[in-house]
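What follows is a short report on a single structure.
Bear in mind these aren't lab numbers, they're just calculated from the coordinates by the rules spelled out. All of these numbers come straight from a predicted model, not from anything done at the bench. Cβ coordinates were reconstructed from backbone atoms using ideal geometry, including for glycine residues, and neighbour counts include every protein chain displayed.
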Amino acid sequence: MTDAILTRRTLLAATGALAAAGVSGIIVPARAQAVPATPSMRGGSNNYLPGAPIVERIGGGGFWMTGTVRRAGDGAPLAGQRIQIWAHTTEGNERDPWSHGATLTDANGAFRLEMPQIVPAFGQPHGHLAYDSGDFKTVFLRPVMDSASDTSLHADFVLQPA
Amino acid sequence: MAIQTFPRLRNFLVWGAIALSIAVPLGFAATSPLLAWRGPAYIVAGLAGVIAMALLLVQPLLATGHLPGLAGPRGRRAHRWIGGILVLMVVFHVAGLWITSPPDVVDALLFASPTPFSVWGVVAMWAVFATAVLAALRRRLRPLSWRRAHTALAIVIVAGSVVHALLIEGTMETISKAVLCALVVAATLKAVADLRTWPGRTR
């Protein structure tokens, strides 16, 4: 029967494809990028103000934005990278200049910046972060808080050379 | 004992129930703690959205003449007026959001927003505007075409607005918002069933 032949053919083809995938699966990872670059998130750059100053703290503080910056490929931590942060908080909306501030990563590629409590705006409690210094490709992130009562938010950057 | 035996009591209860289903969510939204951290344009935008949702409860009841004292032509006239106010509320809603954060509104209008609820809201917005245009051209349409088009758009408006509202974490209180949305859906389904717009059913 034609059906039976087709089925057998399909099975053979599928088995072959699976075997090929399995073999290539063993060979390829050695050359693959172990740590892929972080893509910009939709809406991440909304209300971005280029050149926000490096600050000790945005406004009165009480909320922590934390994260890491690493290099694509080997995943090495990147020290001294400038990350800009802004959000709609208890002290201002995203368009207010005083809602914006920047900080630098430490030797371990980590950053943390204190800022006012983020409050829900445009339907979600969310923050904005930007890497936009030129050495690597620009990345805009827009992480959303699990709960509006959270007092911290985390975002990780993996950057690729510009 | 059937409540129909006491028409005044029935009228009082119907209007009371509607007033309550609108006043409770509106009251919560108007006193939301989030308002303390919002500018006037954003506050107006949010409340215009809540009022628009409340009007979506009244519209199907007016269309089917279920509101005491507003049956027949009076009800339909009120339905047209409230339709106009609904368009105005949607305009206030979008304009207020635009003033507050232009890029977020541009993303929403271009269907490029990271927030799924904005797609539902924008679709409902276009359905409201399309209904207004259609209503203006109503006399040029065959009555059955008009009714079918209006019913289809009304379903899009209600479905879009309800999903839009439910997905948003904003000034509306969760339970009163869900109750209002459920009532809007129920009133719309009842009106669509009562008005028998679709073929295959005898009048």
On a C-alpha basis, how far is the centre of the range B:42-84 from the centre of the range A:87-162 in Å? Whole number, if you could? 42 Å
Amide N proximity, the range B:11-29 versus B:V179 label position 7 Å along Cα-to-Cβ, cut-off under 17 Å: B:13-29
Charge dipole of the protein assembly as shown built from unit charges on the beta carbon (Lys, Arg +1; Asp, Glu -1), centred at mean Cα; most positive-end Cα among A:I58, B:I99, B:G16 is B:G16
Within a 10 angstrom radius of the beta carbon, how do A:S133, B:S21, B:S145 rank from fewest other beta carbons to most? B:S145, A:S133, B:S21
If R0 is 35 Å, what FRET efficiency do you get for B:A186 and B:A36 from their C-beta distance, rounded to 0.05? 0.55
Which FRET efficiency, nearest 0.05, do A:D146 and B:W15 yield, Cβ-Cβ r, R0 56 Å? 0.85
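Provide the net charge surrounding B:P116, with neighbours chosen by a C-beta distance below 15 Å and charges set as Lys +1, Arg +1, Asp -1, Glu -1. Let's see the in-between values first.
Working: positive: A:R42, A:R142; negative: B:D104, B:D107, B:E169.
Combined, the nearby Lys, Arg, Asp and Glu give -1.
Looking only at the protein assembly as shown, where both bridge partners belong to it, what percent of the DSSP beta bridges are antiparallel (to the nearest 5)? Please report the intermediate quantities before stating the final value.
Working: 25 of 35 bridges.
Antiparallel bridges make up about 70 percent of those DSSP assigns within the protein assembly as shown.
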If you take the Cα Rg of the protein assembly as shown and divide it by 2.2 N^0.38 Å, with N the number of residues, what do you get? 1.32
Working from Cα positions, state the angle (0 to 90°, nearest 10) between the long axis of helix B:72-100 and the longest principal axis of chain B. 10 degrees
When only alpha-carbon atoms count, how far does the range B:7-192 stretch along each of its three principal axes, as whole angstroms with the largest first? 46, 42, 23
Starting from the Cα of A:V35, step 7 Å along the direction of its Cβ; do the same at B:F6; then give the gap between the two resulting points in nm. 7.4 nm
Taking chain B as the reference, fit the longest principal axis to its C-alpha atoms, fit the long axis of helix B:143-167 to the helix C-alpha atoms, and give the angle between the two in degrees, 0 to 90, nearest 10. 40 degrees
Rounded to one decimal in nm, the spacing of the 7 Å Cα→Cβ label points at B:V133 and A:I54 is 5.4 nm
From the phi of every residue in the range A:110-121, what ³J(HN,Hα) in whole Hz does the Karplus formula 6.51 cos²θ - 1.76 cosθ + 1.60 yield, where θ is phi - 60° and glycine or proline is x? 9, 9, 8, 9, 7, 8, x, 4, 6, 10, x, 8
Given N residues in the range A:63-159, what is Rg(Cα) / (2.2 N^0.38 Å)? 1.05
